[in-house]
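Below is one structure; the comments refer to it alone.
The values are calculated or read from the model by the stated rules, or taken from the named source; none is laboratory data. Please read all numbers here as calculations on a predicted model, not as lab measurements. Methodologically, a virtual Cβ is constructed for each residue, glycine included, from the backbone with ideal geometry; neighbour enumeration extends over all protein chains shown.
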Amino acid sequence: MINHQLIHPKSIVVIGGSNNTSKPGGSCIRNLIDCGFDGALYVVNPKETEVQGLKSYRDVSEIPPADLAIIAIPAKACFDAIKVLAQEKHVKAFVMFSAGFKEESQEGAEMEKAIADLLTDTDAALIGPNCIGILNRYHHSVFTRPTPKMSPSGVDMISSSGSTALYIIEASMRMGLRFNSMWSIGNAAQITVEDVLEYMDIRFDPAVDSKIKLLYIESINNPDKLLEHTSSLIRKGCRIAAIKSGSSASGRRAAASHTGAMASSDSAVEALFRKAGIVRCYSREELATVGAIFTLKELKGKNIAIVTQAGGAAVMLTDALAKGGMEIPSLADHPMAAELKAQLLPGSSVNNPIDMLGTGTAQHLSLAIDYCEQKFEMIDGIAVIYGSPGLNKVYEAYEVIDRKMKTCKKPIYPVLPSVSSAWDETDFFIEKGHVNFSDEVGLANALILSYKTHNPLPYLPELKGVDVPLIRRIIDDISESGYLKPKDVQALFRAANIPMVKELVSDDWEQVRAFAEQTGFPVVAKVVGPVHKSDIGGVVLNIRSEKHLQIEFERLLQLPDAQSVMIQPMLKGAELFAGAKYEEKFGHIVLCGLGGIFVEIFKDIASGLAPVATEEALSMIRSLRGYKVFQGARGQKGIDEYQFAEIIVRLSSLLRFAVEIKELDINPLLATDKGIIAVDARIRIEK
């Protein structure tokens, strides 16, 4: 529903405009005048004849035709005014500052829906209600300050929260980040975050449009639409970072009271962002920092050189980068290191960090950057920490950084921490069009996030080895909802080509005895019937004799709700976990991790959005904090991550064609000498 009148109006009317700039209507008029809006500007205020030098009309019925109406009046007065504007004055775009709608009460929700329906019926666009507005290079229809410098090369920001948008803008302006547009959608009665992204995607022109999008989202109304347009924009050359708040139970409650938002689970958001290629951030400062990193040349590898005249800051940056998996390679043994050291001040170090000392000059800085750019071939990016020790001005050094950032092929990350003692010099640097990361650890964390985020991942199922018709026959033959019987779980896993341990389910002792004898001891016995077997002593490991087996067989059958006993050979190996849950609107979220305490205590789980392709499954596995176990940590044999990825892919294909599955757990999968095998699983379906 986004239209030209909303983006580039030729005339704007402010309903509730005021001479009092501490009120939204008054502040908005001031912003429109100050930004140099070149169209016609009208005001409706029954108590004034003139507002900030503009003629004020007593009623909306009196105004000349207008493209955009800004609504800054109490909620209960909105519908009648908007009805006249839309139906009689044919206004085609609306921005509603007014609050008191679905975020407040059921009555407010009904008023909001009535307004949205009215405007949709008249083909008019609506931003809000309960928002701070929209600003771009054509008009600043917001009531907040400060307003950032607008530039076609700046970022586009879309925010569910107006105040959060303002705070992100303030953090960004301090870093030197510029903006192309800002959309505060508020309650999103008509236009949502997804709608704005769709508009940007469909009309994207790489020659003139911003290639950086920053999002603050409280509610994902249409995950498929968000995925489609974010991944499309990224494939077209854009970079996107986002905060999704309200993923905890308390956060969901807070979001609902703020904008009436329906929030999603954290695993669903993680899965969606992974597939789309969105950099996920967790704070306003982090989002602004990632946005600033996006303005620089792309980092092609993870080897970082640190050039500094502040040793402690360089140590903290080194620690933060290393903890996040980046590399700060030693340069001490490089054949050109001694040559560089000879040209720096006595006592300087070139080991990496390259420490020029506090008295290092602009010439020393230029030299060190040149060596990192031209002679230290393993280096992929350069962080430069240069503040003012209070001994002299640092204009020359900042001119060097300015020049090198424009000419170097490798990205340079300027950390200019002296925002007080070198305020003028830092401002001078930012005015040249650069960004500044005044905090080195914040830079490191944001750089790690952006580097580790992959490009958009495939959204088609891989069906190699998966018997889809058989999966459907098995599901269709099951008549009731609930947890599946072991035989049905086994059948589905065979159809999906997921390896599962050989087992027998029976309440007949002779069958159990014969199976154990054929399989060989030791064996495992599990009660069938109760959902949480371990909690009631329903799992017995390492049974080494027939007599022991018979005792446990009889005991297990006496447990509450016991139906039979499952017997399996006792396998040894590293425990893995794979599973899935159905999330409303999102579909199936596939989960994976190391088993045992890694799942139960550390919650070290990665998520993906079904269907999951091999590349995405590997990305999930490699994002685990315990990934070093796959590589063979501390002399232990590693785990075949490609086989684990294959099982995750097949599991996701099973879910894609068995949408009735609402919960699935394989815990554990055992990585044995003979491969990865599912030992225990449970599946719940809803018919």
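Within segment 530-561, the set of residues being within 21 Å of K572 (Cα to Cα), in a loop (DSSP other than H, G, I, E, B) and of a type in the set (D, E, K, R) comprises K533, R544. Scanning segment 282-291 turns up at least one residue that is closer than 30 Å to F179 by Cβ, assigned to a loop (DSSP other than H, G, I, E, B) and either without any contact (Cβ under 8 Å) to a residue 40 or more places away in the chain or not assigned by TED's automatic domain parsing to the domain that holds I382 (or both). Looking at segment 214-231, is at least one residue in the same structural domain as Y282 (by TED's automatic domain parsing), of a type in the set (G, A, S) and touching a residue at least 60 places away in the same chain (Cβ under 8 Å)? Taking every residue of segment 214-231 in turn, at least one turns out to be in the same structural domain as Y282 (by TED's automatic domain parsing), of a type in the set (G, A, S) and touching a residue at least 60 places away in the same chain (Cβ under 8 Å).
Residues in segment 565-587 that are part of a strand (DSSP E or B) and either under 37 Å from the mean Cα position of the chain (by Cα) or surrounded by fewer than 19 Cβ atoms within 10 Å (Cβ to Cβ) (or both): P569, A574, E575, L576, F577, A578, G579, A580, K581, Y582, E583, G587. Applying a threshold of 7 Å to beta carbon distances and a minimum spacing of six or more residues, or different chains, the list of pairs starting in segment 105-124 at a residue that is in the same structural domain as Q190 (by TED's automatic domain parsing) and ending at one that is part of a helix (DSSP H, G or I) is empty. Residue-level analysis places K149 among those that are free of Cβ contacts under 8 Å to residues at least 40 places away in the same chain, over 17 Å from I12 (Cα atoms) and touching a strand residue (DSSP E or B) at 6+ places or on another chain (Cβ under 8 Å). Contact annotation: residue pairs with Cβ atoms under 6 Å, 6 or more positions apart or on different chains, pairing a residue in segment 376-400 that is in contact (Cβ under 8 Å) with a residue 12 or more places away in the chain with a partner that is acidic (D, E) and buried (at least 16 other Cβ atoms within 10 Å of the Cβ), are V394/E425; Y395/E425; Y398/E425.
As a summary of the residue check, Q87 satisfies the conditions (1) over 30 Å from the mean Cα position of the chain (by Cα); (2) at positive phi; (3) polar (S, T, N, Q) except for the one numbered (2).
Condition check ((1) under 30 Å from G433 (Cα atoms); (2) touching a helix residue (DSSP H, G or I) at 6+ places or on another chain (Cβ under 7 Å); (3) assigned to a strand (DSSP E or B); (4) not aliphatic (A, V, I, L, M)) across all residues:
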residue: S56; (1), (2), (3), (4): no, no, yes, yes
residue: G108; (1), (2), (3), (4): no, yes, no, yes
residue: S151; (1), (2), (3), (4): yes, no, yes, yes
residue: I168; (1), (2), (3), (4): yes, yes, no, no
residue: S172; (1), (2), (3), (4): yes, yes, no, yes
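Among the residues here, L177 qualifies as buried (at least 22 other Cβ atoms within 10 Å of the Cβ), over 24 Å from D266 (Cβ atoms) and modelled with pLDDT of 95 or more.
Residue-wise test of (1) among the aliphatic types (A, V, I, L, M); (2) modelled with pLDDT of 95 or more; (3) farther than 25 Å from Y413 by Cβ; (4) in contact with a Pro (Cβ under 7 Å, 6 or more places away or on another chain).
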position: T120; (1), (2), (3), (4): no, yes, yes, no
position: A124; (1), (2), (3), (4): yes, yes, yes, no
position: G128; (1), (2), (3), (4): no, yes, yes, no
position: Y138; (1), (2), (3), (4): no, yes, yes, no
position: S151; (1), (2), (3), (4): no, no, no, no
position: D156; (1), (2), (3), (4): no, yes, no, no
position: N221; (1), (2), (3), (4): no, no, yes, no
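Among the numbered conditions (1) in contact with a strand residue (DSSP E or B) (Cβ under 6 Å, 6 or more places away or on another chain); (2) acidic (D, E); (3) in the same structural domain as E646 (by TED's automatic domain parsing); (4) farther than 30 Å from N221 by Cβ, the only one that E600 does not meet is (1). In this structure, V290 does not qualify as under 16 Å from N222 (Cα atoms) and at pLDDT 60 or above. Do the conditions hold for K89, that is, is it among the basic types (K, R), without any contact (Cβ under 8 Å) to a residue 24 or more places away in the chain and farther than 15 Å from Q190 by Cα? So K89 fails the test.
All of (1) of a type outside the set (V, I, T); (2) more than 20 Å from L32 (Cβ to Cβ); (3) crowded, with 20+ Cβ neighbours inside 10 Å; (4) at pLDDT 95 or above hold for E103 with one exception: (4).
Can S27 be described as more than 30 Å from R203 (Cα to Cα) and either surrounded by 20 or more Cβ atoms within 10 Å (Cβ to Cβ) or not β-branched (V, I, T) (or both)? Criteria met by S27.
Looking at segment 6-21, can you tell me whether even one residue there is among the hydroxyl-bearing types (S, T, Y) and either out of contact with any strand residue (DSSP E or B) (no Cβ under 6 Å at 6 or more places or on another chain) or buried (at least 21 other Cβ atoms within 10 Å of the Cβ) (or both)? Yes - at least one qualifying residue is present in segment 6-21. Residues considered: L463, L504, L484, L470. Of these, the only one that is under 33 Å from the mean Cα position of the chain (by Cα), on the phi < 0 side of the Ramachandran plot and surrounded by 13 or more Cβ atoms within 10 Å (Cβ to Cβ) is L463. Checked against the criterion of being assigned to a loop (DSSP other than H, G, I, E, B), of a type in the set (A, V, I, L, M, F, W, C) and modelled with pLDDT of 95 or more, the candidates F94, F37, F79 yield just one match: F37. Within the option set G360, G347, being part of a loop (DSSP other than H, G, I, E, B) and either in contact with an Asp or Glu (Cβ under 8 Å, 6 or more places away or on another chain) or exposed (fewer than 15 other Cβ atoms within 10 Å of the Cβ) (or both) holds for one residue only, G347.
Among the conditions (1) of a type in the set (S, T, N, Q); (2) under 28 Å from F428 (Cα atoms); (3) part of a helix (DSSP H, G or I), S181 misses just one, which is (3).
If the condition is being surrounded by fewer than 17 Cβ atoms within 10 Å (Cβ to Cβ) and part of a strand (DSSP E or B), then segment 636-664 contributes K662, E663.
Within segment 640-680, the set of residues being under 21 Å from M566 (Cβ atoms) and of a type in the set (S, T, N, Q) comprises N667, T672. Summed over segment 124-149, residues that are crowded, with 24+ Cβ neighbours inside 10 Å, within 25 Å of the chain's Cα centre (by Cα) and not in a loop (DSSP other than H, G, I, E, B) total 4. Does I475 fit the bill of being in a helix (DSSP H, G or I) and either buried (at least 17 other Cβ atoms within 10 Å of the Cβ) or among the aromatic types (F, W, Y) (or both)? Yes, satisfied.
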